[in-house]
Amino acid sequence: MAKSSRNFDIEKTDGRDKTTIADAVAVEEPLEIQVMSSAPEAAAAKSVSITMRTPGNDEELAVGFLFTEGIVANRSQVLAVNAIGQADEVTGLRNTIRLEMSPDTELDLASLERHFYTTSSCGVCGKASLDALQVSGLQSLADIDTQFEADMLLGLPDRVRELQPVFVETGGLHAAAVFGPDGEIHVVREDVGRHNATDKVIGALLQAGEVPGHRLGLFVSGRASFELMQKALVAGIPLMAAVGAPSSLAVDTAREFGMTLVGFLRDGTFNIYAGGERIT
């Protein structure tokens with residue numbers, strides 16, 4: 001199993017004295033996601049994304065990315081997921097994931113060009129705005145009546161942190177988690193990128209047959225961006241709770257599609273930007 005952290009000898013100082021210590025640092029490595037059809041006449045594999053990620057749960061990340069970006073509609077369209085290429089001699093990593101699609105899956109490869117390069121900090125860059133969601137056939141979640149208790153939401157940051165072993169070791173990773181109305185945390189994933197952590201979580205749900213997630217909420221350890229709201233919407237998750245601030249487009253998305261958006265979930269308070277009727 002690939003390691004998610006590496007140790008470096010560093011100098012720690014208080015401004016006067018220096019001490020050499022070992023420090024654990026989160027691993028960041030590129031992952032290329034490729035797709036190919038299993039149809040006999042299919043062309044060679046096509047790269048659809050290169051993202052900087054923390055190794056681990058790469059299959060979930062790839063499947064979740066294809067789903068939340070609308071490239072596949074369900075898990076049955078993915079026949080096989082394999083790590084390919086030469087493993088790195090030092091890290092043991094294979095940094096390419098290839099997904100074999102069913103013969104009847106139509107891949108609009110031209111529309112995937114905008115996904116080809118992403119980074120751990122910005123999410124999917126160049127993404128069209130709210131208009132793209134409105135014309136893509138995504139359904140409003142306004143009729144989903146799942147409710148969540150405020151006290152349960154307030155306890156999420158500490159409870160999720162307890163389930164982040166690499167963050168505890170390095171202090172350098174984001175987390176995404178899905179949870180039920182009773183506060184049960186179903187899945188937690190870590191990554192240097194918030195969008196990657198979210199794709200890993202949604203990929204795990206998709207593989208477990210738990211999409212759409214109408215009875216779930218999504219927690220993210222950073223800010224609430226448009227990209228993350230889109231991913232929650234595609235997965236049918238009606239509530240997102242973020243430790244950080246939301247963007248204006250995230251708020252617009254939540255209000256347009258009947259979702260609940262919580263921001264600044266920390267220090268015993270939170271702000272409700274949309275869908276307050278789901279919070280009791």
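A few points about this structure:
- Residues of the range 143-170 classified as among the aliphatic types (A, V, I, L, M) and not in a helix (DSSP H, G or I), total: 2
- Of all residues making up the range 60-76, the number that are touching a strand residue (DSSP E or B) at 6+ places or on another chain (Cβ under 9 Å) and in a loop (DSSP other than H, G, I, E, B): 3
- Against the test of being part of a loop (DSSP other than H, G, I, E, B), in contact with a strand residue (DSSP E or B) (Cβ under 6 Å, 6 or more places away or on another chain) and either assigned by TED's automatic domain parsing to the domain that holds Val201 or at negative phi (or both), the options Arg94, Arg16 yield a single qualifying residue, Arg94.
- Residue match in the range 215-226 (condition: among the charged types (D, E, K, R), surrounded by fewer than 23 Cβ atoms within 10 Å (Cβ to Cβ), modelled with pLDDT of 95 or more and under 16 Å from Leu154 (Cα atoms)): no
- When Glu11, Glu89, Glu113 are checked against the criterion of being modelled with pLDDT under 85 and either touching a helix residue (DSSP H, G or I) at 6+ places or on another chain (Cβ under 8 Å) or in a strand (DSSP E or B) (or both), a single residue qualifies: Glu11.
- Within the range 230-255, being more than 15 Å from Arg278 (Cβ to Cβ), under 13 Å from the mean Cα position of the chain (by Cα), in a helix (DSSP H, G or I) and among the aliphatic types (A, V, I, L, M) holds for one residue alone: Val234.
- Among the numbered conditions (1) of a type in the set (A, V, I, L, M, F, W, C); (2) modelled with pLDDT of 85 or more; (3) outside any helix (DSSP H, G or I), the only one that Ala128 does not meet is (2).
- Qualifying residue in the range 228-236 (condition: of a type outside the set (Ser, Thr, Tyr), in contact (Cβ under 8 Å) with a residue 24 or more places away in the chain, farther than 15 Å from Glu69 by Cα and out of contact with any Phe, Trp or Tyr (no Cβ under 7 Å at 6 or more places or on another chain)): no
The values are calculated or read from the model by the stated rules, or taken from the named source; none is laboratory data. Worth saying up front: this structure is predicted, and the values here are computed from it rather than measured. Glycine gets a Cβ as well: all are built from the backbone with ideal geometry, and neighbour counts include every protein chain shown.
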